[in-house]
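As structure tokens, the structure follows; a few thoughts come after it.
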Ligand SMILES: Nc1ncnc2c1ncn2[C@@H]1O[C@H](COP(=O)(O)OP(=O)(O)O)[C@@H](O)[C@H]1O
Ligand SMILES: [Mg+2]
């Protein structure tokens, strides 16, 4: 493994939260490396620190100590504005709930990250429609989030996360609110799209099927990474 292949690295990450007058360590010295195009599943019981790890690695939240290196840059050295700009261009995030903007069509929702990064609206909408095609939603492009099913909304959220062609796509329990059939469709599309983009994927999941299909399975317990298993 060479340093060049590593797109994301967290080193000795610690995150403490103040709860009343006691300090809770949600992350305890977590070190993780994600290589280009690698699909990583993070598994572990509820409360084990998975979301905190994803939030810190994606720059949504800052660690109490330790460093995060994204594409060779130590993100703690960035200002808020630089961090926001790097996130907008290089990171996609899918949450359990789609968080689509209700007053925008699916195409406009998917186009939004491009428009915010300075792409012209007409071009952004074209790319958004292409990306909706990738997740099987061409025919839904002009509809509102309220007009589509939960599975379709989540597929649109995946298209939105991928439209800027990020280097890393994070997904925090993206199938958690879906039934089994829609969950597997969402999971397959996410995996396919991330690999088509040549991006790295970091997916938090309870779904052992998704974890089994991953290149790396990282297991967390009580704030620590207790196992990292790379496919041979
Ligand atoms: N903002 C916060 N304030 C206080 N405690 C938090 C906060 N976020 C997470 N925690 C605590 O950190 C631990 C890990 O939480 P989390 O990362 O959400 O776990 P998971 O995603 O694995 O369910 C839990 O004990 C949780 O209560
Ligand atoms: Mg969580």
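Given the -39500 (n - 2.57) contribution per DSSP H run of 4+ residues, what per-residue ellipticity at 222 nm results for the chain, rounded to the nearest 500 deg cm²/dmol?
-10500 deg cm²/dmol
How much space per residue, in cubic angstrom, does the convex hull of the C-alpha atoms of region 154-232 take up?
Value for region 154-232: 101 Å³ per residue.
Determine by what factor the alpha-carbon radius of gyration of the chain differs from 2.2 N^0.38 Å, reporting the quotient.
1.00
Determine the relative contact order of region 1-114: mean sequence separation of Cα pairs under 8 Å and six or more apart, normalised by residue count, in whole percent.
Normalised by residue count, the contact order of region 1-114 is 26 percent.
Could you list log10 I(q)/I(0) for region 1-127 at q = 0.16, 0.20 Å⁻¹, which the Debye formula gives when each Cα is one point scatterer?
Taken in order of the listed q values, log10 I(q)/I(0) reads -0.95, -1.22.
Please report the antiparallel percentage of the DSSP beta bridges confined to the chain, to the nearest 5.
Taking every DSSP beta bridge with both residues in the chain, the antiparallel ones total about 60 percent.
Since every read-out is calculated from the coordinates, none of them should be taken as a lab result. Since we're looking at a predicted model, the values are computed, not measured.
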